[in-house]
Amino acid sequence: MSTWEEFVKKLTEYMGFRDYRVEVKPEEKHGALFIYDGGDFLKENLPSVVESINHLIQMIAKKNGAEMLFFDVNNYRQERENLIGELARAAAKKVMATKGAVSLPAMNSYERRLVHMALAVHPEVATESVGEGKERYVVIKLIGASASAAAAEEEAEARGVTAPSLQE
């Protein structure tokens, strides 16, 4: 393919879509695909479509030593970033109100990074990724020793472990 725009256009047509628009901003390493005739199929499968298109672009770029771009489809990524930012801020408010740690659902590494970045400037909470693989999630807690003890105690209780040093 001579350009990512041509590649994404051909790929979109192979997927059976005819009414679409492709925008590429190579200086930003970003592209946007807007599919207008996707209907319910696209709505139901949008996360998979975004992931699949970007996986193909990564593989082709790696094989050919080309510069990679990330493509957003129908603003899915932008809306997801906004949602995760709102979730992080709401969880931080809950931590402040309850003085206890809050665990978010399992997320991929990019989404966890968004949470860490959204709360990095928050003066009263800290974030930490916990778990492994697809079960990795973010814990938000108050900054300070009492918050660490409370979080450790909560984690121990959740696992059914009684830690004498955590009991009052």
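Tabulated data
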quantity	calculated
Share of carbon and sulfur in the accessible heavy-atom surface of segment 1-90 [1.4 Å probe, %]	51 percent
Where labels lie 7 Å past Cα in the beta-carbon direction, separation of Phe41 and Lys99 in nm	5.6 nm
Exceeding the 30 Å Cα-Cα cut-off - candidates Lys10/Lys62; Lys62/Lys134; Lys25/Lys94; Lys10/Lys134; Lys29/Lys134	Lys25/Lys94; Lys10/Lys134
Amide proton proximity set for Asn75, modelled H, under 5 Å, gap of 5+	Leu33
For segment 108-113, 3J(HN,Hα) per residue [Karplus equation, 6.51 cos²θ - 1.76 cosθ + 1.60, θ = phi - 60°, Hz, x = Gly/Pro]	6, 4, 5, 5, 4, 4
Simple spin-label estimate for Glu6 and Lys62 in nanometres, 7 Å along Cα-Cβ	2.4 nm
Label-zone membership for segment 51-84, site Ala90, 7 angstrom Cα→C-beta point, backbone N under 18 Å	78-84
List Tyr137, Tyr36, Tyr14, ordered by accessible area with a 1.4 Å probe, largest first	Tyr14, Tyr36, Tyr137
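The values are calculated or read from the model by the stated rules, or taken from the named source; none is laboratory data. Note that the structure is predicted; figures quoted are calculated from it, not measured. Backbone-built Cβ (ideal geometry, glycine too); neighbour counts: all protein chains shown. Please note that ligands, DNA and RNA were not included when accessible areas were found on the heavy atoms of the full protein model with its side chains. Shrake-Rupley method; radii C 1.70, N 1.55, O 1.52, S 1.80 Å.
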